[in-house]
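K.L.:
Take this structure first; my questions come after.
The values are calculated or read from the model by the stated rules, or taken from the named source; none is laboratory data. Predicted model only: the values in this text are computed from it and were never measured. Neighbour counts are summed over all protein chains in view; Cβ atoms, including those assigned to glycine, are modelled from backbone coordinates with ideal geometry.
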Amino acid sequence: MYFGDYTYLFLIPGLLLTMIAQFKLRSAYNKYTRVGSRAGRAGAQVAQMLLQENGVHDVTVVKGSGHLTDHYDPRQKRIALSPDVYDGSSIAALAIAAHETGHAIQHNHGYGPLAFRSLMAPGVQISSNAAMPLFFFGLILGMDMLVQIGIYLFTAVVIFQLVTLPVEFNASRRALIALDTQGFLSPDEYPGARKVLSAAALTYVASLAMSLLQLMRLLALSGRRRR
C-alpha cells in the first residue's frame, strides 16, 4: 500500500539536483586537478601554513585515503586530506586543503554554526539510521507513535543539514580569501578554485533539498494514513 506510490514523485527534483551537483563537482575537480598552481605548494603545506598564519597550533594535518574524502575532525582536531590533495599542488588540491583548514579555523575561533553542528552530530547519526525504519514500521503496524517519532528524527537530520550550509559556505569563503591574500594562487588561478568550491557547496544544497523533499513525502504518507 505504501510502496511504489505517487509520493516517490516528490523525490524526483531532489534526485535531479543531486545528479547535477555531483556532475558539476566531478567536472570541476577533474578539470582543475590537472592544472598545477604556479606557487607549487602541496595541499598539506598550504593547510599547515594557513593554520600557523591564523594562530592554530593544535591541529594536525594527515594523509587520509580514498578520493574526495577530505574532512576536518573537530573531536581529534585533525585535518585529513586525500592523497591527491595532500601531495598535490593543483588548483583543486589547494582549494580543498584551504577549505578544510577553514573548518579548523572556524573551530578555533568558536564559530557558532560549527559548534552547533558538532553538538548535534552524535544524535543525528542515530536519528539518520533510525528515522526511516521507525516511520515505515509504524505505517505497517498501524502505530502512530512510531510514525511521529520517525518524522521527528528525520526532521532533526534536516535541521542538521540546514546548519551545515553556513558552515560550508563560510569555510569556502575563508579558503578563497586566504588563497588570494597569502599568494598561494595568482589572480588568473583564483576563478578555478572558486569553481571547485562552488561545485562542492552545491552538493550540500542538493543534499538538503533531497532531505526536505523526503520529509514532505513522509508527512504526505502520514497524512494519508490518518485519512
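K.L.:
Determine which member of the set Tyr29, Tyr86 is modelled with pLDDT of 95 or more, surrounded by 15 or more Cβ atoms within 10 Å (Cβ to Cβ) and within 18 Å of the chain's Cα centre (by Cα).
P.N.:
Result of the check over Tyr29, Tyr86: Tyr29.
K.L.:
Would it be correct to say that Arg217 is basic (Lys, Arg) and farther than 28 Å from Leu11 by Cα?
P.N.:
no
K.L.:
Moving on to the next point. Determine if the range 143-152 includes at least one residue that is within 30 Å of Leu50 (Cα to Cα), at pLDDT 95 or above and hydroxyl-bearing (Ser, Thr, Tyr).
P.N.:
Checking the range 143-152: not a single residue is within 30 Å of Leu50 (Cα to Cα), at pLDDT 95 or above and hydroxyl-bearing (Ser, Thr, Tyr).
K.L.:
Please pick out the residue among Tyr72, Tyr111 that is buried (at least 21 other Cβ atoms within 10 Å of the Cβ), in contact (Cβ under 8 Å) with a residue 12 or more places away in the chain and of a type in the set (Ser, Thr, Tyr). Spell out the reasoning first.
P.N.:
Details: Tyr111 fails: buried (at least 21 other Cβ atoms within 10 Å of the Cβ).
Being buried (at least 21 other Cβ atoms within 10 Å of the Cβ), in contact (Cβ under 8 Å) with a residue 12 or more places away in the chain and of a type in the set (Ser, Thr, Tyr) holds for just one of Tyr72, Tyr111, which is Tyr72.
K.L.:
Sticking with this structure for a sec: Please verify whether Ala80 is farther than 30 Å from Arg224 by Cα and under 16 Å from the mean Cα position of the chain (by Cα), treating the condition exactly as stated.
P.N.:
It is true that Ala80 is farther than 30 Å from Arg224 by Cα and under 16 Å from the mean Cα position of the chain (by Cα).
K.L.:
Also, quick follow-up: Could you list, in sequence order, the residues of the range 133-169 that are of a type in the set (Gly, Ala, Ser) and closer than 25 Å to Ser118 by Cα?
P.N.:
Correct list: Gly150, Ala156.
K.L.:
Are any of the residues in the range 139-157 at positive phi and either surrounded by fewer than 17 Cβ atoms within 10 Å (Cβ to Cβ) or touching a strand residue (DSSP E or B) at 6+ places or on another chain (Cβ under 7 Å) (or both)?
P.N.:
Among the residues of the range 139-157, at least one is at positive phi and either surrounded by fewer than 17 Cβ atoms within 10 Å (Cβ to Cβ) or touching a strand residue (DSSP E or B) at 6+ places or on another chain (Cβ under 7 Å) (or both), which makes the answer yes.
K.L.:
Right, next: Have a look at Gly64, Gly36 and point out the one that is under 18 Å from the mean Cα position of the chain (by Cα) and either of a type in the set (A, V, I, L, M) or over 17 Å from Thr181 (Cα atoms) (or both).
P.N.:
None of the other options fit; the residue is Gly64.
K.L.:
Being crowded, with 19+ Cβ neighbours inside 10 Å and without any contact (Cβ under 8 Å) to a residue 24 or more places away in the chain is the filter here, so list the residues in the range 114-138 that pass it.
P.N.:
Leu134, Gly138, listed by residue number.
K.L.:
Can I ask one more? Might you check whether a residue that is in contact (Cβ under 8 Å) with a residue 60 or more places away in the chain, within 20 Å of Val196 (Cβ to Cβ) and of a type in the set (Val, Ile, Thr) occurs anywhere in the range 53-66?
P.N.:
Checking the range 53-66: not a single residue is in contact (Cβ under 8 Å) with a residue 60 or more places away in the chain, within 20 Å of Val196 (Cβ to Cβ) and of a type in the set (Val, Ile, Thr).
K.L.:
Which count do you get for residues in the range 158-172 that are touching a residue at least 60 places away in the same chain (Cβ under 8 Å) and either hydrophobic (A, V, I, L, M, F, W, C) or surrounded by fewer than 18 Cβ atoms within 10 Å (Cβ to Cβ) (or both)?
P.N.:
Selection size over the range 158-172: 3.
K.L.:
Just checking, how many residues over the range 177-192 are farther than 16 Å from Ala44 by Cα and among the aliphatic types (A, V, I, L, M)?
P.N.:
Residues that pass the stated criteria total 1.
K.L.:
Taking Lys24 and the conditions (1) part of a helix (DSSP H, G or I); (2) surrounded by fewer than 14 Cβ atoms within 10 Å (Cβ to Cβ); (3) among the basic types (Lys, Arg), which numbered condition does it fall short on, given that it satisfies the others?
P.N.:
So the condition that Lys24 fails would be (2).
K.L.:
Run Ser128 past the list (1) under 30 Å from Ala92 (Cα atoms); (2) of a type in the set (Ser, Thr, Tyr); (3) over 15 Å from the mean Cα position of the chain (by Cα) and report the number of the one that doesn't hold.
P.N.:
Unmet for Ser128, out of (1) under 30 Å from Ala92 (Cα atoms); (2) of a type in the set (Ser, Thr, Tyr); (3) over 15 Å from the mean Cα position of the chain (by Cα): (1).
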